[in-house]
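Have a look at the structure below, then the notes.
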Amino acid sequence: MEKMDHTILEHEANERLDKIVSSIREEWSRSQVQQWIKEGDITVNGKKEKANYRCQAGDLVEIEVPEPELADIEPEDLHLDIYYEDADVLVVNKPKGMVVHPSNGHFTGTLVNGLMYHCKDLSGINGVLRPGIVHRIDKDTSGLLMVAKNDYAHEKLAAQLSEKTVTRKYFALVHGNIPHEAGTIDAPIGRDPADRQRMAVVDNGKDAVTHFHVLERFDRYTFIECRLETGRTHQIRVHMKYIGHPLAGDPKYGPKKTIDFGGQALHAGVLGFCHPRTGETLTFEAPLPDDFAHLLNTMRRGL
């Protein structure tokens, strides 16, 4: 059972309890949170409240997320975009809007549901909820992921991530015109102490390094490539916000006035690693999804 606390901030005062809790994790649906509240898994100041309780600044919300019901996870034919596959590893191009693995409130339509339909042999190291999942990307980020089909491959791939030898390049559209052509952001990331729903650059965070360079400039936006040296939660989104250039369309870290893109304009376009068994260097590239390419073309036309 996962346990966490959340102290209600000033800007959350008078909001419904179910609305606040469901915004803490993108994979928590409002209906699932309402069920947890009803069953007493979520309390306010040690007391059970209703879903429509209007929270007050300083309220302590305690959340105990029950273990998911595994029987609800079913294989689904999601027509996955497979870039590579052999007996050890699989590379898939995840579409925007797809959650990587099942969680409370998201038992269908996830990448894992699709993987379970596509292949029966997946690594069990990360447990039954995350079979084969070595690393992940956010729901509204599109792009390439490597998946382990057995425990041997999983351990080898995870070691490469830990040793920072995996190549991960992302393409992003950010607010503002970055004044220099390239740069490195070396700033630790951890839970935002002022807003537990988000990550932030904090002194006691985990090491996080992002390298970037400019690909194209527009009037009020910049198109960049980012290379991850580490893989912290929301790393690119947090780092670009930290230097004053948040991702366009980002509902969590971007400004309120941003483009209507249905999420952050971020695509994991390049993935490279050594094959876990043969040692061969494998590199894959996935083009920008149609909506991202259309967005850039619109900006090139000055619209």
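The values are calculated or read from the model by the stated rules, or taken from the named source; none is laboratory data. Just so it is clear, the model here is predicted, and its values are computed rather than measured. Positions of Cβ are generated from backbone atoms using ideal geometry, with glycine treated the same way; all protein chains shown enter the neighbour counts. All accessible areas refer to the heavy atoms of the entire protein, side chains included, with ligands and DNA or RNA removed. Shrake-Rupley method; radii C 1.70, N 1.55, O 1.52, S 1.80 Å.
Here are some notes:
- Pick from the stretch 98-140, criterion within 15 Å of the chain's Cα centre (by Cα) and among the basic types (Lys, Arg), ranking: farthest from Ala153 (Cα to Cα): Lys139
- Qualifying residues in the stretch 5-26 (those that are within 20 Å of the chain's Cα centre (by Cα) and open to solvent by less than 30 Å² (accessible area, probe 1.4 Å)) - the one nearest to His234 (Cα to Cα): Ile24
- Residues in the stretch 141-175 that are over 17 Å from the mean Cα position of the chain (by Cα) and basic (Lys, Arg) were compared, and the one that is nearest to Gly244 (Cα to Cα) is Lys164.
- The residues of the stretch 255-303 that are open to solvent by 40 Å² or more (accessible area, probe 1.4 Å), at pLDDT 95 or above and among the polar types (S, T, N, Q), listed by number, are Thr278, Thr281, Thr283, Asn297.
- Residue match in the stretch 219-238 (condition: more than 16 Å from the chain's Cα centre (by Cα), over 24 Å from Asn93 (Cα atoms) and of a type in the set (Asp, Glu)): yes
- Positions within the stretch 188-211 being touching a Gly at 6+ places or on another chain (Cβ under 9 Å) and not in a strand (DSSP E or B), in sequence order: Pro188, Val202, Asp203, Asn204, Gly205, Ala208
- Condition check for Gly190: at pLDDT below 95 and either closer than 25 Å to Ser29 by Cα or open to solvent by 40 Å² or more (accessible area, probe 1.4 Å) (or both): yes
- Among the residues examined, Pro131 qualifies as part of a loop (DSSP other than H, G, I, E, B) and touching a Ser or Thr at 6+ places or on another chain (Cβ under 8 Å).
- Restricting the stretch 159-176 to residues that are out of contact with any Phe, Trp or Tyr (no Cβ under 8 Å at 6 or more places or on another chain) and more than 19 Å from Lys94 (Cβ to Cβ), the residue that is most open to solvent (accessible area, probe 1.4 Å): Glu163
- Filtered residues of the stretch 178-187 (kept if farther than 26 Å from Ala293 by Cα and not in a strand (DSSP E or B)): Ala187
- First in the stretch 111-137 and under 23 Å from Lys96 (Cβ atoms), second anywhere and open to solvent by less than 10 Å² (accessible area, probe 1.4 Å) and of a type in the set (D, E, K, R), Cβ under 7 Å, 6 or more apart: Leu111/Lys94; Ile137/Lys94
- Extreme residue, farthest from Tyr253 (Cα to Cα), among residues of the stretch 1-32 that are in a loop (DSSP other than H, G, I, E, B) and at pLDDT 90 or above: Asn14
- Here the stretch 33-61 is the region considered, the condition is being of a type in the set (A, V, I, L, M) and not in a helix (DSSP H, G or I), and the residue that is farthest from Ala13 (Cα to Cα) is Ile42.
- Residues within the stretch 214-242 that are among the basic types (Lys, Arg) and crowded, with 22+ Cβ neighbours inside 10 Å, tallied: 2
- All positions within the stretch 89-118 that are farther than 22 Å from Asp290 by Cβ, open to solvent by 10 Å² or more (accessible area, probe 1.4 Å) and modelled with pLDDT of 90 or more: Met116, Tyr117, His118
- Qualifying position, being open to solvent by less than 10 Å² (accessible area, probe 1.4 Å), among the hydrophobic types (A, V, I, L, M, F, W, C) and out of contact with any helix residue (DSSP H, G or I) (no Cβ under 9 Å at 6 or more places or on another chain), among Ala153, Ala148: Ala153
- Exactly one residue out of Val209, Val201 is aliphatic (A, V, I, L, M) and within 30 Å of Arg277 (Cβ to Cβ), and it is Val209.
- Single residue of Asn126, Asn93, Asn113 found to be polar (S, T, N, Q) and assigned to a loop (DSSP other than H, G, I, E, B): Asn126
- Thr141 vs. criteria within 30 Å of Phe261 (Cβ to Cβ), in contact (Cβ under 8 Å) with a residue 40 or more places away in the chain and either surrounded by 20 or more Cβ atoms within 10 Å (Cβ to Cβ) or among the β-branched types (Val, Ile, Thr) (or both): yes
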